[in-house]
Amino acid sequence: MGRLTGKVAVITGGNSGVGAATAKLFAAEGASVVITARRAAALEEIADEIRQAGGEVLALSTDISKPEDPERLMEAAMEKYGKIDILVNNAGILEAGLKPIDRFTDEDLDRIIDTNQKGTMRCIRAAAKRMQSGASIVNVASVAGEKGCGGAVYVSSKAAVIGVTKHTALRFQNDNIRCNAVCPGNILTPMTTGSAATAELDQDMIGAMATHSNLRTQSCTAEDVANILLFLASDESRAITGQVLVSDFGAML
């Protein structure tokens, strides 16, 4: 307990799954957490859970795909707490069906890039100019961006997050502001289970993934990923920057 005492953490996609688990864990470890997502009602439910457990939280409904919202979010965090020590870029969306490069749609391309890539970059830009020495940025990418195992649009968006993680670490190395990425494999969250249940999965893509990975390997839980995010956000990892950590129980070895 107390690994984040005195720190202020902004967590996007904080209303469910990895974001909610991370917000609860960070608050339990002493951080003041600013959680944001589009669905205000679900966001307030998580905020209430944190408050009932004795944590400090500010919940703000935000759509990071809108150019102005990341700046508004970081300004609100500063007005409330006076600083930003940690940014967890967790918000992200999937396309339906694992569409490969020869079958993706322009609609998916625009929608997913706007959130997963542009939203992440805008949040980093807005937070970094308000951060001081010792701050930590942690991006939730995906094993898809590392290995190519997923729909083409989602893969491209998460590969972009990996690239901008390394760029950000390089840019702010002299300022002692760190940036790392976590690349989970399959995670048991409402977003991923909903996609699998409702989408017609592209069988060619499933076959290619099965050839190069063990699809029977157990899935991560949201809490598994939150524990890794905690380490990378904390001062325990102060010597680590520009790194990309795959957490998939070895499925893609």
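What does the net charge come to around Val155 if you take all other residues with beta carbon closer than 14 Å to its beta carbon, with K and R at +1 and D and E at -1?
-1
Per residue, what volume in Å³ does the Cα convex hull of the range 1-148 take up?
116
List the residues whose amide H sits under 5 Å from the amide H of Ile137, counting only those 5 or more places along or on another chain, with H placed 1.01 Å from N in the peptide plane.
Leu87, Arg178, Cys179, Asn180
In whole Hz, what ³J(HN,Hα) sequence does the range 118-130 give by Karplus (6.51, -1.76, 1.60; θ = phi - 60°), x for Gly and Pro?
Result, rounded to whole Hz: 4, x, 4, 5, 5, 5, 4, 4, 5, 7, 4, 6, 10.
Please turn the phi angles of the range 32-40 into ³J(HN,Hα) values with the Karplus equation 6.51 cos²θ - 1.76 cosθ + 1.60 (θ = phi - 60°), one per residue in order, whole Hz, x for glycine and proline.
My calculation for the range 32-40 gives 7, 10, 10, 10, 9, 5, 7, 7, 5 Hz in order.
Take the Cα atoms of the chain, find their three principal axes, and give me the spread along each one in whole Å, biggest first.
50, 40, 34
For the chain, what does -39500 (n - 2.57) per DSSP helix run (n ≥ 4), summed and divided by total residues, give at 222 nm, in deg cm²/dmol to the nearest 500?
-13500 deg cm²/dmol
Take the Cα pairs of the range 81-125, get the Kirkwood Rh, then feed it into Stokes-Einstein at 20 °C and 1.002 mPa s and tell me D in µm²/s.
After rounding, the answer is 174 µm²/s.
Modelled label-to-label distance, Thr217 and Asp63, 7 Å Cα→beta-carbon offset: nm?
3.7
Could you tell me the distance between the Cα centroids of the range 151-190 and the range 85-102, to the nearest Å?
Distance between centres, Cα-based: 11 Å.
Among 239-247, 174-182, how do they line up from the highest to the lowest mean number of other beta-carbon atoms within 10 Å?
Final packing ranking: 174-182, 239-247.
All of the numbers you see were taken from the coordinates with simple rules; none came from a lab. Keep in mind it's a predicted model, so treat the numbers as computed, not measured. Every residue, glycine as well, gets a Cβ built from its backbone with ideal geometry; the counts of neighbours run over all protein chains shown.
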